[in-house]
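Written below as structure tokens is the structure these notes are about.
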Amino acid sequence: MPDLTSRPERVSLRVLRILAVLVLLMVFFPPFNPGRISAQISGNLTLLTSATSFSTVTTKLSAYMTEGNRFALRAADMQQSLAGCAMVLAGAVLGAVGACISLGNRKMRRWGVWFPVAGGALILAGLAVNRAAFGQIEAFVKGMDLPASHIEEHLKNLALQWPVFANTAWMIGGILLLASSLTAVFFAYRRKCGEPKAEMEEKYKLFIMFLPVLVLSFVFAYLPIYGWRYAFYNAKAGDELTKELFVGFDNFRLLINDPGFSSKILQVLRNTLIMSGLGIATSWLPIAFAILLAEVRNTKFQRAVQTLTTIPNFLSWVLVYAVALSIFAADGLVNNLSNMINPAAFVRTDYLATADATWIKMLLWGTWKGLGWSAIIYVAGIAGIDQQLYEAAKVDGANRFRCIWHITVPGLIPTYMVMLLMSVAGILSNGMEQYLVFSNPYNGDYIQVLDLYVYNLGIGNNQLSVSTVIGILKSLIAVVLLFGANGISKAVRGESII
């Protein structure tokens, strides 16, 4: 597919794509939120939230929305500000869509450049609407029929301000509009007759297919790193991070110098490492299950077993706990059956409200829930093994067990080693949901793993700064373990896993 674009067009397209990415990133970072027109609005509020949630924006402004029977702020002005933010958000999305379409051939690029044109215009219009709302609020407060001292007090408490970084948004939006308009002129001026139909190269098609995963990974895996700054402040959730709250590395030192924290973290690490160790020790079970499943000759029975063992993976841990409660609670199935079988010796026992064998219980529940799902990758691996190897082995007199041991297992070992090394790298990450729903006052000392401890400390006890420190240390250790596991893989197998 020949590239008919000129050098100026290619350069302008690159600039256009960079600007589209910058505008889209602005949506997720609070400093670039033009909707934060008052100091009473949380400094952690992003443009995405301001454009979609009116109640969140006005939460801290509720005290200033009414003043006796007189309105200190009009809801219509705040709604106008929200509408402006929504326009900016829509403009950012249009710019990103246009950047994706511009990855096609010249015909697609000519179509795609009009999206950033519309997006840039929408961003500037949205900023203008938001700025007008800010002016209306300020004029309304100043024009109230109140003593001058009251008006000054209102303005001081509201701390109305046009965000400094909103000027950056003006600049980027303007440049986006200018660049996209210039690119559109280039393409319109050099419009070719007889162009091929709109088409995109295979690598760009794959990139567009992967883009949603990339965006979700950024939002849920990388964007939260912005919250690591809480580790250097003595702040609660929702607090403004001011100079007065800055404590440097004091929260890091607290974990070492405070005996209470140190002993608790050691206990939590013990639980985490034992749970992960049991998971690694039983990581061969999915391979064994996949091999047994592949040896079943009845296709209908095989599919039924695979479906029934995979379904639990899609059940939430809350539902799993509900099942456990109905079976093992004091008035559950097990106790009722025991009472029916031997009423004389029956002692009602709540098997969930005990610390006995907590680690084994969690391992069994996790295995029941995830065995079928974990075996899918090995079932696919077995299907990829060359069938001629089995035929040759049978000709040489090998039975089914020999075929499994000498062909199937060696064929699955590379996949298993990668999964094993990834498990070792993530040894500190057990997840939280399972242990949260099964935890109670009786088993708390044995079931609380690192992820659950961070959740309880930060959300339960509102010690956000300390929990952030623990989360940072966990992430850094996980990265070190990942590269360590990668080094081991390279040394032992000659292949890297990353």
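What follows draws every value from the coordinates through simple rules; no lab data is involved. Just so you know, these numbers come straight off a predicted model, no measurement behind them. Positions of Cβ are generated from backbone atoms using ideal geometry, with glycine treated the same way; all protein chains shown enter the neighbour counts.
In the range 243-492, the convex hull through the Cα atoms has an average projected area of 19.8 nm², a quarter of its surface area.
When peptides 372-383, 79-90, 475-486 are sorted by average Cβ neighbour count within 10 Å, with the highest value leading, the order is 79-90, 372-383, 475-486.
Ranking Ile123, Leu103, Val27 by Cα position along the charge dipole of the chain, where only Lys, Arg, Asp and Glu carry charges on their C-beta atoms, puts Leu103 farthest toward the positive end.
Under unit Cβ charges (Lys, Arg +1; Asp, Glu -1), what dipole magnitude, rounded to 20 debye, does the chain have relative to its Cα centre? Don't skip to the answer; put the middle values down first.
Working: 39 positive and 28 negative charges, 323 e Å.
Value, rounded to 20: 1560 debye.
Structure note, pairs Lys300/Lys394; Lys60/Lys474; Lys156/Lys236; Lys205/Lys474: Cα-Cα distances above 28 angstrom occur for Lys60/Lys474; Lys205/Lys474. The packing ranking of peptides 245-251, 336-342, highest mean first, is 245-251, 336-342, where packing means the average number of other beta carbon atoms within 10 angstrom of each residue. Distances between every pair of Cα atoms in the range 260-377, grouped in 5 Å steps from 0 to the bin holding the largest one, split as 2, 10, 13, 15, 16, 15, 13, 10, 5, 1, 0, 0 percent. Relative contact order of the chain, taken over Cα pairs closer than 8 Å and 6 or more residues apart, is 14 percent.
Two decimals is fine: what is log10 I(q)/I(0) at q = 0.22, 0.25 Å⁻¹ for the range 195-286, from a Debye sum with one equal scatterer on every Cα and no solvent? Once normalised to I(0) and log-transformed, intensities are -1.08, -1.13. For the range 243-492, the Cβ-based charge dipole about the Cα centre amounts to some 440 debye (Lys, Arg positive; Asp, Glu negative; other atoms uncharged).
Altogether, the Stokes-Einstein calculation at 25 °C and 0.890 mPa s, with the Kirkwood radius of the chain over Cα pairs as Rh, returns a diffusion coefficient of 86 µm²/s. How high is the FRET efficiency from Arg270 to Val305, r the C-beta distance, R0 30 Å, rounded to 0.05? Calculated value: 0.25.
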